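Undergrad: Below is a structure I'd like to ask you about.
FYI, it's all coordinate maths here, none of it is from the lab. Remember, it's a predicted structure, so these values are computed and weren't measured experimentally. Because the Cβ atoms are built from the backbone with ideal geometry, glycine has one as well, and the counts that use them run over all protein chains shown.
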Amino acid sequence: MGVTHYRLNLIQLLEGGDKSSLMVSALKRCATISYVDEATDTLTLDYWVNEATKEAFRENFDNSPLALFQAFQVLLMLNLYAVIPAIKEDLYQSTSHYVNETVPVLASDQRIMRFKFVRFTKQCLAEPIMLKQLSDGEHQLLHSLGLCLLFRNTNSLFLLDEPETHFNPDWRANFISRLRQCLPGTGEFAQEMLITTHTPYLISDSKPDKVLVFEKDKASGAVSITHPDYNTLGASINKITMSPIFGKRETIGGYAQARLENFHARFEQGADVGSLIDDIQRELGDSVEKILLIQSIMDEAKREKGEGQN
């Protein structure tokens, strides 16, 4: 079988004669200010985003946010134009996990296309902030939800690899709900989504037939795929964490667990029960493990006392 090569002429997309390819001209018409520096062959576009700007984008990009996004994506791809052919060939043919390190990262002022001074308003803040000021979690949330909104009117498959990595617990708990708000439930367009995750919150918002648990055999390396054997939708975080999905039996951290074991060892070494329980109550916060430890110490102390009286 022969090898089929697909090529996309980015320059033609920028300079072609049909309406869909006049990206730069359309962006210039939408700009508040445009300036060409003949000495450096640099085009600068400045946008003061208001209702008039948004209307200009709608008119010049067929009322399609996706078309505008694709135009920006084409321009950003041109940053790879400066990469020499030898490096590109090595990149395409290499099987190394570190191949991305062979692609040079151009300095900001050497890029063919770049965004500068992107500001926007944020709730609870009086002044606009720079995009760079957002946290990793905020960037990740905007990226995930933005893609869903952009492609909501298309037949698309979304692949989200641990999208909740930088989220706080509240954002993790509400992530699935936010995704559902971004995508239409019914209609002529269909969206499928595949999410990999290490948080039980996403599992709790999913039906068991939509959850796949991957487990790798340590000896053979074989990977098995199963569905949970209980209803995950609405299940508590502790239930999911302690189930075979994650296999975590404790609900507290490793250091706290070690402190619990140390307290139990002190009891076995003959420490005074009353003082020991006071120390446990003073040092450790409330948890199921703490309650079970205290109950276990008291039960064993009563049993030993009873055996001593007999």
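Undergrad: Just want to confirm a number: the relative contact order over the chain, from Cα pairs under 8 angstrom separated by 6+ residues, in percent.
TA: With pairs under 8 Å counted, the relative contact order is 7 percent.
Undergrad: Continuing with the same structure: For PHE167, enumerate residues with amide H under 5 Å from its amide H, sequence gap 5+ or separate chain, H modeled in the peptide plane.
TA: For PHE167, whose amide H was placed from the backbone, there are no distant partners under 5 Å.
Undergrad: Kindly point out, ordered by number, any Cys in the chain whose beta-carbon has no other cysteine beta-carbon under 4.7 Å away.
TA: CYS30, CYS124
Undergrad: Can you say what percent of the DSSP beta bridges in the chain, counting only those with both residues inside, are antiparallel? Round to 5. It would help to have the intermediate numbers written out before the result.
TA: On the way: 11 of 17 bridges.
Within the chain, antiparallel bridges account for around 65 percent of the total.
Undergrad: Quick check on my link table: of LYS54/LYS116; LYS218/LYS239; LYS248/LYS290; LYS210/LYS248, which ones sit more than 23 Å apart, alpha carbon to alpha carbon?
TA: Check vs 23 Å cut-off fails for LYS218/LYS239.
Undergrad: How large is ³J(HN,Hα) for each residue in the range 168-183, as worked out from phi by the Karplus curve 6.51 cos²θ - 1.76 cosθ + 1.60 (θ = phi - 60°), to whole Hz, x for Gly and Pro?
TA: 7, x, 5, 5, 5, 5, 9, 5, 4, 4, 5, 4, 5, 5, 7, 10
Undergrad: Let me ask another. Could you tell me the largest-minus-smallest coordinate of the C-alpha atoms of the range 84-222 on each of the three principal axes, in descending order and whole angstroms?
TA: Computed over the Cα atoms, the extents are 57, 49, 34 Å.
Undergrad: If the only charges are +1 at each Lys and Arg Cβ and -1 at each Asp and Glu Cβ, what is the size of the charge dipole of the range 208-310 around the Cα centre, to the nearest 20 debye?
TA: Approximately 320 debye in magnitude.
Undergrad: Specify, per residue and in Å³, the volume enclosed by the convex hull of the alpha carbon atoms belonging to the range 190-310.
TA: In the range 190-310, the Cα convex hull volume per residue is 175 Å³.
Undergrad: If we count every other residue with Cβ under 10 angstrom of THR197's Cβ, Lys/Arg +1 and Asp/Glu -1, where does the sum land?
TA: Once all neighbours under 10 Å are counted, the net charge is -2.
Undergrad: Find, among the trypsin sites (Lys or Arg not before Pro) in the range 202-302, those assigned to loop by DSSP (not H, G, I, E, B) with at most 10 other beta-carbon atoms within 10 angstrom.
TA: Numbers: sites: LYS210, LYS216, LYS218, LYS239, LYS248, ARG249, ARG259, ARG266, ARG282, LYS290, LYS302; in loops: LYS218, LYS248, ARG249.
Of the trypsin sites (Lys or Arg not before Pro), the ones in loops of the range 202-302 whose Cβ has at most 10 other Cβ atoms within 10 Å are LYS218, ARG249.
Undergrad: Okay, moving on. Any idea what angle helix 254-268 forms with the longest principal axis of the chain, computed on alpha-carbon atoms, 0 to 90 degrees, nearest 10?
TA: Value to nearest ten degrees: 10.
Undergrad: Given R₀ = 41 Å, FRET efficiency for ARG180-GLU304 by Cβ-Cβ distance, to 0.05?
TA: With R0 = 41 Å, the Cβ-Cβ based efficiency is 0.15.
Undergrad: With r defined as the distance between the Cβ atoms of PHE115 and ASN238 and R0 fixed at 35 Å, what FRET efficiency is calculated, to the nearest 0.05?
TA: E between PHE115 and ASN238, to the nearest 0.05, is 0.20.
Undergrad: Between LEU66 and SER25, what is the label-point separation in nm under the 7 Å Cα-to-beta-carbon projection?
TA: 2.5
Undergrad: Taking K and R as +1 and D and E as -1, what net charge do the other residues with C-beta under 14 Å from the C-beta of VAL36 add up to?
TA: Details: positive: LYS28; negative: ASP37, GLU38, ASP41, ASP46.
Residues close to VAL36 contribute a combined charge of -3.
Undergrad: Next question. For Cα pairs less than 8 Å apart in space and 6+ apart in sequence, what is the mean separation divided by the residue count of the range 229-310, i.e. the relative contact order in percent?
TA: It rounds to 23 percent for the range 229-310.
Undergrad: How big is the equivalent ellipsoid of the range 155-246 along its three axes, where each semi-axis is √(5λ) from the Cα gyration tensor, reported in whole Å from largest to smallest?
TA: Values for the range 155-246, descending: 24, 17, 13 Å.
Undergrad: Right, another one. For the range 35-50, take each phi angle, set θ = phi - 60°, evaluate the Karplus expression 6.51 cos²θ - 1.76 cosθ + 1.60, and give the result in whole Hz per residue in order, putting x for glycine and proline.
TA: Result, ordered by residue: 8, 10, 8, 4, 5, 10, 6, 10, 9, 10, 10, 10, 10, 9, 6, 9 Hz.
Undergrad: Let me ask something additional. With the contact rule set at Cα under 8 Å and sequence spacing of 6 or more, what percent relative contact order holds for the range 170-233?
TA: Value for the range 170-233: 29 percent.
Undergrad: For a Förster distance of 35 Å, can you work out the FRET efficiency between the beta-carbons of LEU106 and THR226, rounded to the nearest 0.05?
TA: 0.15
Undergrad: Give me the extension gain from ALA190 to SER34: residue separation times 0.36 nm, minus the current Cα-Cα distance, reported in nm with one decimal.
TA: Full extension from ALA190 to SER34 adds 52.2 nm.
Undergrad: Taking 7 Å along the Cα-to-C-beta vector as the label spot, tell me the ALA126-ASP209 distance in nanometres, rounded to one decimal.
TA: The modelled label-to-label distance comes out at 5.5 nm.
Undergrad: Right, next: Per residue of the range 290-304, what does 6.51 cos²θ - 1.76 cosθ + 1.60 with θ = phi - 60° give for ³J(HN,Hα)? Whole Hz please, x for Gly and Pro, Karplus curve as stated.
TA: Result, rounded to whole Hz: 5, 4, 5, 5, 4, 4, 5, 5, 5, 5, 5, 5, 5, 5, 5.
Undergrad: Beta carbons within 10 angstrom, averaged per residue: use that to sort the peptides 81-92, 114-125, highest first.
TA: Descending packing order for the listed peptides: 81-92, 114-125.
Undergrad: Taking a temperature of 20 °C and a viscosity of 1.002 mPa s, what whole-number D in µm²/s does Stokes-Einstein yield for the chain with Rh from Kirkwood over alpha carbon pairs?
TA: Using the Kirkwood radius from Cα pairs, D works out to 83 µm²/s.
Undergrad: Roughly how tilted is helix 51-60, in degrees to the nearest 10 and between 0 and 90, from the longest Cα axis of the chain?
TA: 70
Undergrad: Taking the Cα centre as origin and putting +1 on Lys and Arg beta-carbons and -1 on Asp and Glu beta-carbons, what dipole magnitude results for the chain, to the nearest 20 debye?
TA: For this selection, approximately 540 debye.
Undergrad: If we sort 222-232, 170-180 on the protection proxy, mean other Cβ atoms within 10 Å, highest first, what's the order?
TA: 170-180, 222-232
Undergrad: Taking amide H atoms as placed 1.01 Å from N in the peptide plane, list the residues 5 or more away in sequence, or in a different chain, whose amide H sits under 5 Å from that of PHE158.
TA: The answer is GLU192, MET193, LEU194.
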